[in-house]
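Here is the structure we will look at.
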Amino acid sequence: MGGLDLRWQPMGAPHPRSPRLEGGAEPSFLPSSSSVWTALGRCVPPSMQGNTRRTGIMTDVHRRFLQLLMTHGVLEECDVKRLQKHCYKVHDCNATIEKLEDFINNINSVLESLYIEIKKGVTEDDGRPIYALVNLATTSISKMASDFAENELDLFRKALELIIDSDTGFASSTNILNLVDQLKGKKMRKKEAEHVLQKFVQSKWLIEKEGEFTLHGRAILEMDQYIRETYPDAVKVCNICRSLLIQGQSCETCGIRMHLPCVAKYFQSNSEPHCPHCNDYWPHEVPGRPACWCWFRKVLWNPAETLRRERV
């Protein structure tokens, strides 16, 4: 199954951790697995297994799907579809596979009373759809306490602040490690801090790219409200989708920002990209277009850039 861990424990048993998430923090934001299964423990007749469409009815197909999603924390849409197909194959191979959106809405209608939800988002760099099980009631960093020590949580908090305050949506490992002397709780050496940062990467709270860190799509989904409330003056929002923006492009004239996938979609049929807010020339490379074309467009359609080059 392409690396997906599809092992399943009996109902009520602790769910296994995926090896990729060892040391991760996914359960800390969620009710315990036992409380979830207690709430979802209604029995469904075998004749209704798999293809039920009644709101709020959970079959073993839904339960297995939910438990495996809890194990992984976050999955891309292609893996979610494969996971759904696998669950039908195990529990009701003769049933018609329900449309994914309806399937997840059915699960969410039951999870609503627990203030948790399977939430859909997209990756900021290339727009790949992802799904994560998030807690709608508690989103603060302190809720990660069951998986991380106080000084580790403070390291995440400081990394988050650097990421939010940056223009690029990234914080260098050097800048993060330089703050270890300011951490609350037990003192931490830089070598230890490097290991903790990797724990955050493994548990899919952070992404590392060439020595710099940004938020994983899972963290953005989970902590959206917390970030908006904690950093109201620094938070950035995409002008197109209105979702939280960590990394993207901005207009040099009016300052509005857009996710890279939103930039690509908005300008896909526009040969002369202009800012959707101020209508000024959009100065960045449009994702999906050749870099040489973007340079040619910049010189040809931006008089100021043409004049600057002539002076040189």
## Note on the structure
Cα extents of the stretch 173-216 along the principal axes, largest first, in whole Å, come to 26, 19, 15
## Note on the structure
Taking r as the C-beta separation of D165 and R82 and R0 as 45 Å, the FRET efficiency to the nearest 0.05 is 0.70
### Summary
Quick shape check on the stretch 86-141: root eigenvalues a ≥ b ≥ c of the Cα gyration tensor, a/c under 1.5 is rounded, otherwise prolate if a/b tops b/c, else oblate, and it reads oblate
## Note on the structure
With Rh as the Kirkwood radius over Cα pairs, the stretch 99-213 has Rg/Rh of 1.04
#### Entry: Within straight-line cross-link reach of K265, lysines at Cα separation under 25 Å, skipping those fewer than 8 residues along the same chain
K81, K119, K120, K209, K236, K298
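So how do 206-219, 241-254 stack up, highest first, on mean other-Cβ count within 10 Å? Working shown, then result.
Details: 206-219: 19.5, 241-254: 17.6.
Averaged packing, sorted descending, gives the order 206-219, 241-254.
Sorted by packing (mean other beta-carbon atoms within 10 Å per residue), highest first, where do 259-265, 123-129, 147-153 land? Numbers along the way, then the final one.
Working: 259-265: 21.1, 123-129: 16.0, 147-153: 18.4.
Output ranking for 259-265, 123-129, 147-153: 259-265, 147-153, 123-129.
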### Query
When Rg is the radius of gyration of the Cα atoms in the stretch 168-270 and Rh is its Kirkwood radius, what does Rg/Rh come to?
1.04
### Task
Among V237, S271, W282, flag the residue with its Cα farthest along the positive direction of the charge dipole of the stretch 224-285, charges on Cβ as +1 for Lys/Arg and -1 for Asp/Glu.
V237
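Any read-out appearing in this document is the output of simple, stated calculations on the displayed coordinates, not a laboratory observation. Owing to the predicted nature of the structure, the values given are computational and were not obtained by experimental measurement. Every residue, glycine as well, gets a Cβ built from its backbone with ideal geometry; the counts of neighbours run over all protein chains shown.
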